[in-house]
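The values are calculated or read from the model by the stated rules, or taken from the named source; none is laboratory data. Keep in mind the model is a prediction, meaning the values are calculated, not measured. Note that each Cβ is placed from the backbone with ideal geometry, even for glycine, and that neighbours are counted across all protein chains shown.
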Amino acid sequence: MPTARESLLEAAGAALAARPWPAVRMVDVAASAGVSRQTLYNEFAGKAGLGHALVRRDAAWYLDGVDRVLGSPGGSAERLAAVAEWTVRAAEARPLVRALLTGCWNGNLPVPAGRGVRPGLPALGPAELVRAVRERAGAAIAPGEAAHRCELAVRLAVSYLIAPAGPPGPGSGELLRLLDAPGLTAPSPTAGVR
């Protein structure tokens with residue numbers, strides 16, 4: 001049986017799927033979760049806290065998917081291409097994941113922690129997610145080269161999200177060729193110097 005917190009997050013996620021965040025009402029979320037409004041406030045302290053928790057939940061969902069893909073059988077290039085494909089599918093399925101990966105937030109979504117609410121606190125965003133995926137790839141496949149290629153795969157997927165080429169999304173064949181291309185085995189010595 002889910003906890004009150006889990007039920008509230010599910011209800012808030014369903015409400016967000018049905019209408020923009022400003023139109024999501026706390027009383028409706030509590031009723032949908034089958035708990036009192038006081039329980040909702042005890043768990044999240046308010047609508048902003050609930051929104052932050054939704055953002056964190058979707059980030060964790062995305063990274064759990066990355067872990068699943070990286071743990072699947074196959075060569076490193078195939079798994080990295082699968083990470084890119086998962087990135088596109090996850091962003092298409094969940095607007096919060098898309099916003100986290102692209103940094104493109106709008107008034108229809110909850111504001112992530114540290115962005116617009118409490119200045120000075122770090123916000124979960126594209127750089128943090130790419131860093132987390134890179135670290136996971138280094139641990140799951142091999143340090144160094146695999147981590148760099150995984151970052152490249154994720155950045156290609158994010159660029160596809162921002163400027164889609166057309167319907168099917170990045171095909172694994174195209175990504176495999178890119179990930180195996182000469183010169184992509186290690187970061188450029190001038191990367192980050194610009």
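Condition first: surrounded by 21 or more Cβ atoms within 10 Å (Cβ to Cβ), within 23 Å of the chain's Cα centre (by Cα) and of a type in the set (A, V, I, L, M). Can you find one or more residues in the stretch 30-49 that meet it? No, the conditions are met nowhere in the stretch 30-49. Going by the conditions given, is V83 closer than 19 Å to R94 by Cβ and touching a Cys at 6+ places or on another chain (Cβ under 9 Å)? It is true that V83 is closer than 19 Å to R94 by Cβ and touching a Cys at 6+ places or on another chain (Cβ under 9 Å).
When G103 is tested against (1) among the small types (G, A, S); (2) farther than 17 Å from L129 by Cβ; (3) assigned by TED's automatic domain parsing to the domain that holds E151, just one condition goes unmet, and that condition is (2).
Table: residues versus (1) part of a loop (DSSP other than H, G, I, E, B); (2) assigned by TED's automatic domain parsing to the domain that holds V154; (3) of a type in the set (D, E); (4) out of contact with any Asp or Glu (no Cβ under 8 Å at 6 or more places or on another chain).
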position: M1; (1), (2), (3), (4): yes, no, no, yes
position: R5; (1), (2), (3), (4): no, no, no, no
position: A15; (1), (2), (3), (4): no, no, no, no
position: V27; (1), (2), (3), (4): no, no, no, yes
position: A30; (1), (2), (3), (4): no, no, no, yes
position: T39; (1), (2), (3), (4): no, no, no, yes
position: G51; (1), (2), (3), (4): no, no, no, yes
position: D64; (1), (2), (3), (4): no, yes, yes, yes
position: R68; (1), (2), (3), (4): no, yes, no, yes
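Only one residue in A84, A60 is surrounded by 17 or more Cβ atoms within 10 Å (Cβ to Cβ) and either more than 15 Å from the chain's Cα centre (by Cα) or under 27 Å from A137 (Cα atoms) (or both), so which one is that? Being surrounded by 17 or more Cβ atoms within 10 Å (Cβ to Cβ) and either more than 15 Å from the chain's Cα centre (by Cα) or under 27 Å from A137 (Cα atoms) (or both) holds for just one of A84, A60, which is A84.
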